[in-house]
Amino acid sequence: MRIDFAYCTNKGHVRHNNQDALFMDGFGVFGDMKTPATGCIAESDKAFFAVVDGAGGHARGEIASQTIVGEFIKRAASFRPDGSTLSSDFIEIQNIMTGMSKKNSDLSGMAAALSGALIHPGEITAFNVGDCRTYKMHRGFLKKLTHDHSIVQILRDNDEIDDDEMRTHPAKNRITSVLMADSEEVPAVYIDRVKMGANEILLICSDGVWESLPLEAVENALSPANIDEMAESLFDALMASECQDNISFILIKTRVEECS
């Protein structure tokens, strides 16, 4: 299996710092990026990608997302492609965050939402906690593989609002599950396993991405065939929007050619 990927994380136009972090099959990205970057996995029987959206104010969100990505780096080899270890690993990571908070009260309340994909030949396991999302492109249209843990998702499930209204609803930032220091609640994890074809395109993103642009605009930005151009087009579209939150995304394209 060979995978091309492109990624970017940026603080946006309003926030003073970037609390997001990215994980790309063995390495993490923290801080602000001015342009997207790319990578390639030449040969692997599985791959793991995730976007982590930190929360908690001041530096707490940054530390939360960095801690989670750091744990992903340590645990990457042990994650099972079917996602069966995710829930237990997330509980352990939340306990680590709690331990950090007990040693440093300034970290109390640090938390993070996340979404990602475990990829192996024939199957994609998409997952999320909170309102970060993973999409799969099919014939030019994006299909959401994850299911938000949020108030607006509950409203959408009850047909009280539509997909686009989720972006602008006053309760759009009220999420119902996160990894949080000092929390006694077990984080809810949504997992969906879907078949993977030879040339799949995935988008993993923070809520800052899907709140900034209508889905149709994201689909239009991803119309180029080249993943580098996709990433640049999406980044340009996001930066041309109000971009009120941090924006982070990973684009993934499976292919059969070798990396150049």
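The values are calculated or read from the model by the stated rules, or taken from the named source; none is laboratory data. Fair warning: this is a prediction, and the values are worked out from it, not measured in the lab. Every residue, glycine as well, gets a Cβ built from its backbone with ideal geometry; the counts of neighbours run over all protein chains shown.
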Any residue that is out of contact with any Lys or Arg (no Cβ under 7 Å at 6 or more places or on another chain) and at pLDDT below 95 - is there at least one of those in the range 197-204?
yes
Can you tell me which residues in the range 190-211 are farther than 16 Å from Q153 by Cα, part of a strand (DSSP E or B) and not hydrophobic (A, V, I, L, M, F, W, C)?
D192, R193, K195
What's the number of the only condition in (1) touching a residue at least 24 places away in the same chain (Cβ under 8 Å); (2) part of a helix (DSSP H, G or I); (3) of a type outside the set (A, V, I, L, M) that E165 fails to meet?
(1)
Any idea which of D89, D131, D106 is closer than 26 Å to K172 by Cα, in contact with a helix residue (DSSP H, G or I) (Cβ under 8 Å, 6 or more places away or on another chain) and acidic (D, E)?
D131
Expected output for the range 114-134 (first residue charged (D, E, K, R), partner buried (at least 24 other Cβ atoms within 10 Å of the Cβ) and assigned to a loop (DSSP other than H, G, I, E, B), Cβ below 6 Å, 6+ apart or cross-chain) is D131/D148
The correct count of residues that are under 19 Å from I63 (Cα atoms) and exposed (fewer than 15 other Cβ atoms within 10 Å of the Cβ) in the range 27-39 is 3
Breaking point among (1) under 22 Å from N199 (Cα atoms); (2) modelled with pLDDT under 95; (3) small (G, A, S); (4) surrounded by 20 or more Cβ atoms within 10 Å (Cβ to Cβ), for A42
(4)
Output the number of residues of the range 67-110 satisfying the condition of being within 16 Å of A21 (Cβ to Cβ), hydroxyl-bearing (S, T, Y) and over 19 Å from the mean Cα position of the chain (by Cα).
0
Just checking, which of D131, D159, D148, D89 is in a loop (DSSP other than H, G, I, E, B), modelled with pLDDT of 95 or more and closer than 20 Å to V69 by Cβ?
D131
Residue that is more than 25 Å from H13 (Cβ to Cβ) and surrounded by fewer than 22 Cβ atoms within 10 Å (Cβ to Cβ), where the choices are A181, A198
A198
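Just one of F90, F72, F5 is in contact with a Cys (Cβ under 8 Å, 6 or more places away or on another chain) and of a type in the set (F, W, Y); which is it?
So the residue among F90, F72, F5 that is in contact with a Cys (Cβ under 8 Å, 6 or more places away or on another chain) and of a type in the set (F, W, Y) is F5.
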On the phi > 0 side of the Ramachandran plot and touching a residue at least 60 places away in the same chain (Cβ under 8 Å): which single residue out of D159, D207, D192, D182 fits that description?
D182
